[in-house]
Amino acid sequence: MPSPCRQEDALPNLQASCQRPLLEPSDQIIVALDGMAPEQAMAFASGVPELRWVKVGLELFVAGGPAVVQQLRDQGKRVFLDLKFHDIPATMAGACRSAARLGAELITVHASAGSVALGAAQAAALESAAAVGLPAPTLLAVTVLTSWEQARFASELAIEEPLSTYVPRLAQLAAAAGIGGCVCSPLEVAALRAAHPEPFALVTPGIRPAGAALGDQQRVLTPAQAVAAGASQLVIGRPITAAPDPGAAFAACCRELLGHHA
């Protein structure tokens, strides 16, 4: 169960989250529409009526533009806009302002952009959503992409600090800047949840149901394992979107989470 929010801990972007109930399994799964053309994404989303959350990443957004977000919202879907903004503070603020105005409810920014840029992005998103009467979005700071593993991280980026300490340091930077959560590998969830209780969101890609292929992910857990470790929501792509029956695959993931909650 999420821990109760203390008044002294509440940040502006977290206040609404303090009131949200424990998520149902269908709300905990965000299906990534990666690799789809806009028309395919719309058909897929409408073909799985139980689906509540979808992730729009760079490929789909570049192909379909802001209209993709609106069309998905018109279907009743909630949108995680995963464009991983990383720029100077003014540009990140402007991008998050526009993303919030589109109605995206989760928006990714890179924690490594630094505290000034993160604070500017946060303030702009809240201001923009309020101006058009939309709920405040939750910004999610990306720590280290799940395609990285330790040896290559050190050799290619010349960052010798272990991922086990580098990721928590970026998460703390984001939290201190008022960001509402992080995107992280499921293998880092337990440590981050211990340091950042609910309502701080931990959204985890790299989720693979038992027996599914790993693809380009290196640091993975099953849905039940990730939620047990403290994940708020799970991003699942190909195990659902490439399944012969996506609706059945989505339902199977929900059943796995339901068994965890029981």
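The values are calculated or read from the model by the stated rules, or taken from the named source; none is laboratory data. None of these values were measured; they are calculated from a predicted model. Glycine also receives a Cβ, built like all others from the backbone with ideal geometry; neighbour counts cover every protein chain displayed.
A few comments on the model shown:
- Thr204 vs. criteria hydroxyl-bearing (Ser, Thr, Tyr) and surrounded by fewer than 20 Cβ atoms within 10 Å (Cβ to Cβ): no
- Test: residue in segment 133-143 that is of a type in the set (Gly, Ala, Ser), at negative phi and either at pLDDT below 90 or out of contact with any Leu (no Cβ under 9 Å at 6 or more places or on another chain) (or both): no
- Here Gln122, Gln71 are screened, and the one residue that is of a type outside the set (A, V, I, L, M, F, W, C) and over 21 Å from Ala177 (Cα atoms) is Gln71.
- Considering only residues in segment 139-192 that are among the charged types (D, E, K, R) and assigned to a loop (DSSP other than H, G, I, E, B), the one that is nearest to the chain's Cα centre (by Cα) turns out to be Glu149.
- Filtered by the rule that a residue be modelled with pLDDT of 95 or more and in a loop (DSSP other than H, G, I, E, B), segment 198-214 gives a lone residue, Phe200.
- Within segment 147-183, being more than 18 Å from Ala125 (Cβ to Cβ) and in contact with a strand residue (DSSP E or B) (Cβ under 8 Å, 6 or more places away or on another chain) holds for Leu170, Ala171.
- The residue that is farthest from the chain's Cα centre (by Cα), counting only those in segment 19-76 that are acidic (Asp, Glu) and within 25 Å of Pro209 (Cβ to Cβ), is Glu50.
Every residue, every condition in (1) modelled with pLDDT of 95 or more; (2) of a type in the set (Gly, Ala, Ser); (3) under 27 Å from Gly230 (Cα atoms), yes or no:
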position	(1), (2), (3)
Glu24	no, no, yes
Leu33	yes, no, yes
Pro38	yes, no, no
Phe44	yes, no, no
Glu50	no, no, yes
Leu72	yes, no, no
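- Residue selected from segment 157-190 under the condition buried (at least 24 other Cβ atoms within 10 Å of the Cβ) and among the small types (Gly, Ala, Ser), by the criterion modelled with the lowest pLDDT: Ser185
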